[in-house]
Amino acid sequence: MLEIKGLKVKLEEEDKQILKGVDLTVEAGKVHAIMGPNGSGKSTLSYVLSGRDGYEVTDGTASLDGEDLLDMEAEDRAAAGLFLAFQYPVEIPGVGNMTFLRTAVNAQRKARGEEEMSAGEFLKVVRAKAKTLKIDADMLKRPVNVGFSGGEKKRNEILQMAMLEPRMCILDETDSGLDVDAMKLVSEGVNALRSEGRGFLVITHYQRLLDHIKPDVVHIMADGRIIKTGGPELALEVEQNGYADILAEMA
Amino acid sequence: MALTQPKIDATEARLAALAVPSGASWMVDARSDAVARVRAMGLPARRDEYWRYTRPDSLIQTEAPQAALFEGEETPVFGGFDRLKVVFVDGVFDPEASDALEGENLSIERLSDVAQADIHWAKDLFGVLETNGQTPVERPLAALNTAFATDGVVIRATGVVSKPVSLIYIHKSETSDAMLHHVIKVDDGAELTILENGPAAARFNKVMEIDVADNAGFHHIRAQGRDHERRAVTHMFARLGTQSTFKSFTLTVNGKMTRNECVIELTGDDAIAHVAGSALGDGDFHHDDTVFITHDAERCESRQVFKKVLRNGATGVFQGKILVKQGAQKTDGYQISQSLLLDDDSQFYAKPELEIYADDVICSHGSTTGAIDEEAMFYLRARGVPHGIATDLLTLAFLAEAVDEIENQELADEISNRLEGWLTRRRAG
């Protein structure tokens, strides 16, 4: 479903190569995890895939269901089914959470040539989904992420994911800033969305998130490359021995 | 200070082209006093400090510059509201198009009729609040208006007036040069809402004097829009009594030149004055909000909230002052002016001022200029919201703080819808 081949990326502003040839394929229905030390390029990969400005792709390809992602605007990638759960969800004063969600859902539907959701229908769906994530009516009314706690922001990300029903979900350090209870809630939200037709790429620093969201495949990323790929046991190895052993082994 | 010869010449040329209208003796006196004030001050010139960011030339020249009539499908604002319509066409009252000038707890008269009455309560206000507002800063175009405006309405609210009085300014002639002067008195405990909309004329000079008595409430919502080439200078002079409330909001879109001055004197304790504005400028647009609020009583609250969105070379100006006089303890004054510049060609000038002579007050002011927040933009786009819609959402969010100053939710929604409509029609792509 998500296919990345030989992806090389540098920062636009400075001549600094961040990704040095990433190869990765995520199949539908599977959960892939990417782990790696700070500065290995994990977050850059998520930003490049979702279309953030400031990066220059110097080589390689990335496609979703055969469609070239790198050629599309950020909003078109979203409409094509790509979703990035942000490590730091952005606060938008003055834009109500509900307005934001409905605008996003309907913009994507419109882009795909589908019928827009009516206000009533939308309200019904969003309320039901918010409830399972313990997001109350007040959080839905407030401006997007403004005054939300770390946990509330991450739950709000998962709510957006649940509403937008993307084909491919990238979770960028979703566990950062979460306590144990919040992590459980967020993981349950993610697990509820796991399905045959949907792929996940879970970027994380620590193994603990993977206790809750069980991956099928684990990749280790270092210095802009994926240096090792394995099963869930690879994450446990990192947890016990750190990255040093793997890095030394590959060096 | 002695006036310069060019200033004297410009002033005399303008005065020579105008005739002082006839009327009852008190009115004739008020007008000739106003002419004397204009002569003493001279009309504004480019080098005047108060006109540093706005060129007064087109507002003072003898002939009004031509302005093409608006060609658009949009229906005028406030159309769906139950209101008492008072219509002016190119600055002349149109009785046919207006509703009957009557209502519960309300009296409305034409200024031209009032001007003929030997005795009228308006005598204590007409030109009086304007004169008060000439110090410490001169506003010669308001004095010019007092001297020469023949039409307008004189409104008195004696109790709670449930239906808003809606002043509608229709522009029909490309060369019209209109002056209107309104006098409004809200009696003790009374409440009145005034709506204003329409381009009015090719050039428009309007003064509104408002006396808000103790415990009275005055609400004002104005929409200046439509015509692109119109020019306007407007003044509001308000005097607020004890525990009274004054709230004014102005929406401005389009317009080659708009200068809105608002001069408020809080003379009774515990009074509240809020002035707010949202402006959207695209291209040949110059918009100036000049506000002067004087606290001359205890425990009064004032708020100034002005937001402007500018693009394609549009210019915005904000000059706002809070003056706290000696003895005006426990004053709570707040002022914010912000602009959102959607490109590199647009400009915003802000001159926030505080002058405080009391020692137990809370006063704050702030001014910012910025572009669309790139982080928020990417977040919206990453959720599938196209660039154009995302820009509009963030623009409306930026303006929301000013629109929120409108107390009546239905009117606030009407203004929001107008803003959204304007943005949607101009959405790129």
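The values are calculated or read from the model by the stated rules, or taken from the named source; none is laboratory data. Because the structure is predicted, anything quoted here is derived from the model rather than measured. Counting neighbours? That spans all protein chains shown, and the Cβs are built from the backbone with ideal geometry, glycine included. Heavy atoms of the whole protein, side chains included, go into the accessibility calculation; ligands, DNA and RNA do not. Shrake-Rupley method; radii C 1.70, N 1.55, O 1.52, S 1.80 Å.
If you check A:L70, A:L123, which single one turns out to be closer than 20 Å to A:L164 by Cβ, among the hydrophobic types (A, V, I, L, M, F, W, C) and in contact with a helix residue (DSSP H, G or I) (Cβ under 9 Å, 6 or more places away or on another chain)?
A:L123
Can you go through B:T75, B:T131 and tell me which one is of a type in the set (V, I, T) and without any contact (Cβ under 8 Å) to a residue 12 or more places away in the chain?
After applying the criteria, what remains is B:T75.
What's the total number of residues in segment B:336-371 that are open to solvent by less than 60 Å² (accessible area, probe 1.4 Å), closer than 21 Å to B:V403 by Cα and free of Cβ contacts under 8 Å to residues at least 40 places away in the same chain?
Within segment B:336-371, residues that are open to solvent by less than 60 Å² (accessible area, probe 1.4 Å), closer than 21 Å to B:V403 by Cα and free of Cβ contacts under 8 Å to residues at least 40 places away in the same chain number 7.
Of the conditions (1) of a type in the set (S, T, Y); (2) within 17 Å of B:M41 (Cβ to Cβ); (3) open to solvent by less than 50 Å² (accessible area, probe 1.4 Å), B:T135 clears all except one; give me its number.
Here B:T135 clears every test but (3).
So, in segment A:50-71, of the ones that are among the aliphatic types (A, V, I, L, M) and open to solvent by 40 Å² or more (accessible area, probe 1.4 Å), which residue ends up nearest to A:E3 (Cα to Cα)?
By that ranking, first place goes to A:L70.
In segment B:351-373, what residues are more than 28 Å from B:R52 (Cα to Cα) and either β-branched (V, I, T) or in contact with a strand residue (DSSP E or B) (Cβ under 9 Å, 6 or more places away or on another chain) (or both)?
B:A358, B:V361, B:I362, B:D373, listed by residue number.
Go over the candidates A:E165, A:E91, A:E152 one by one and state the one that is under 23 Å from A:G29 (Cα atoms) and under 18 Å from the mean Cα position of the chain (by Cα).
Matching residue, one of A:E165, A:E91, A:E152: A:E165.
Which numbered condition in (1) in contact (Cβ under 8 Å) with a residue 24 or more places away in the chain; (2) open to solvent by 10 Å² or more (accessible area, probe 1.4 Å); (3) within 21 Å of B:H171 (Cβ to Cβ) is the only one that B:V86 fails?
The failed condition is (2).
Out of all the residues in segment B:151-170, is one or more of a type in the set (S, T, N, Q) and open to solvent by less than 10 Å² (accessible area, probe 1.4 Å)?
yes
Among the candidates B:F292, B:F306, B:F285, which residue alone is in contact with a Phe, Trp or Tyr (Cβ under 6 Å, 6 or more places away or on another chain) and modelled with pLDDT of 95 or more?
Exactly one of B:F292, B:F306, B:F285 is in contact with a Phe, Trp or Tyr (Cβ under 6 Å, 6 or more places away or on another chain) and modelled with pLDDT of 95 or more, namely B:F306.
Please go through segment B:89-104 and give me each residue that is touching a residue at least 12 places away in the same chain (Cβ under 8 Å) and open to solvent by 70 Å² or more (accessible area, probe 1.4 Å), ordered by number.
Within segment B:89-104, B:V92, B:E104 qualify.
For segment B:1-30, name all the residues that are crowded, with 17+ Cβ neighbours inside 10 Å and farther than 15 Å from B:P140 by Cβ.
Correct list: B:G23, B:W26, B:M27, B:A30.
Residue by residue through segment B:359-376, note down the ones that are among the aliphatic types (A, V, I, L, M) and in contact with an Asp or Glu (Cβ under 9 Å, 6 or more places away or on another chain).
B:V361, B:I362, B:A371, B:A376
With the requirement that a residue be under 20 Å from B:G370 (Cβ atoms) and among the hydroxyl-bearing types (S, T, Y), what does segment B:395-423 give you?
Of everything in segment B:395-423, just one residue is under 20 Å from B:G370 (Cβ atoms) and among the hydroxyl-bearing types (S, T, Y), namely B:T395.
Which one is farthest from A:V125 (Cα to Cα) among residues in segment A:86-109 that are more than 7 Å from chain B (Cβ to nearest Cβ) and polar (S, T, N, Q)?
Within segment A:86-109, the match that is farthest from A:V125 (Cα to Cα) is A:Q87.
Looking only at segment B:197-219, which residues are surrounded by 24 or more Cβ atoms within 10 Å (Cβ to Cβ) and without any contact (Cβ under 8 Å) to a residue 60 or more places away in the chain?
Passing the criteria: B:M208, B:V212, B:A216, B:F218.
When B:H365 is evaluated against the numbered criteria (1) in a strand (DSSP E or B); (2) within 14 Å of another protein chain (Cβ to nearest Cβ), which criterion, by number, is the only one it fails?
Result: B:H365 fails condition (2) only.
Do you know which residues across segment B:176-232 are of a type in the set (G, A, S) and either in a loop (DSSP other than H, G, I, E, B) or modelled with pLDDT under 95 (or both)?
Within segment B:176-232, B:S176, B:G189, B:A190, B:G198, B:A200, B:A201, B:A202, B:A213, B:A216, B:G225 qualify.
Can you tell me which residue is farthest from the other protein chains (Cβ to nearest Cβ) among those in segment B:368-409 that are of a type in the set (S, T, Y) and in a helix (DSSP H, G or I)?
This residue is B:T391.
Assess whether A:L24 counts as being more than 30 Å from A:E152 (Cβ to Cβ), more than 14 Å from chain B (Cβ to nearest Cβ), open to solvent by less than 30 Å² (accessible area, probe 1.4 Å) and over 13 Å from the mean Cα position of the chain (by Cα).
So A:L24 passes the test.
Can you tell which of B:E229, B:E261, B:E265 is among the charged types (D, E, K, R) and in contact with a His (Cβ under 8 Å, 6 or more places away or on another chain)?
From the options B:E229, B:E261, B:E265, the qualifying one is B:E261.
Show the residue pairs meeting these rules: Cβ distance below 7 Å; 6+ apart or different chains; first residue within segment A:33-49 and of a type in the set (F, W, Y); second residue in a strand (DSSP E or B).
Close Cβ pairs satisfying both conditions: A:Y47/A:Y55.
Scanning for something in contact (Cβ under 8 Å) with a residue 40 or more places away in the chain and closer than 27 Å to B:Y379 by Cβ, does segment A:221-243 turn up at least one residue?
yes
How about segment A:10-19: which of its residues are out of contact with any Asp or Glu (no Cβ under 7 Å at 6 or more places or on another chain) and in a strand (DSSP E or B)?
Matches in segment A:10-19: A:L11, A:Q17, A:I18, A:L19.
Looking at B:Q116, is it under 30 Å from B:G320 (Cα atoms) and part of a loop (DSSP other than H, G, I, E, B)?
No; evaluated as a whole, the condition is false for this residue.
Could you please find all residues in segment B:325-353 being among the polar types (S, T, N, Q) and assigned to a strand (DSSP E or B)?
B:Q335, B:S337, B:Q338, B:S339, B:Q347
A:R142 versus (1) away from every other protein chain (no Cβ under 14 Å); (2) surrounded by 15 or more Cβ atoms within 10 Å (Cβ to Cβ): which is the lone unmet condition?
So the condition that A:R142 fails would be (1).
Of the residues B:A142, B:A67, only one is open to solvent by less than 10 Å² (accessible area, probe 1.4 Å) and in a loop (DSSP other than H, G, I, E, B); which?
Testing whether each residue is open to solvent by less than 10 Å² (accessible area, probe 1.4 Å) and in a loop (DSSP other than H, G, I, E, B) leaves just B:A67.
With (1) within 18 Å of A:F86 (Cα to Cα); (2) surrounded by 14 or more Cβ atoms within 10 Å (Cβ to Cβ); (3) at pLDDT below 95 as the list, and A:P37 as the residue in question, which single condition is left unmet?
Here A:P37 meets the rest and fails (1).
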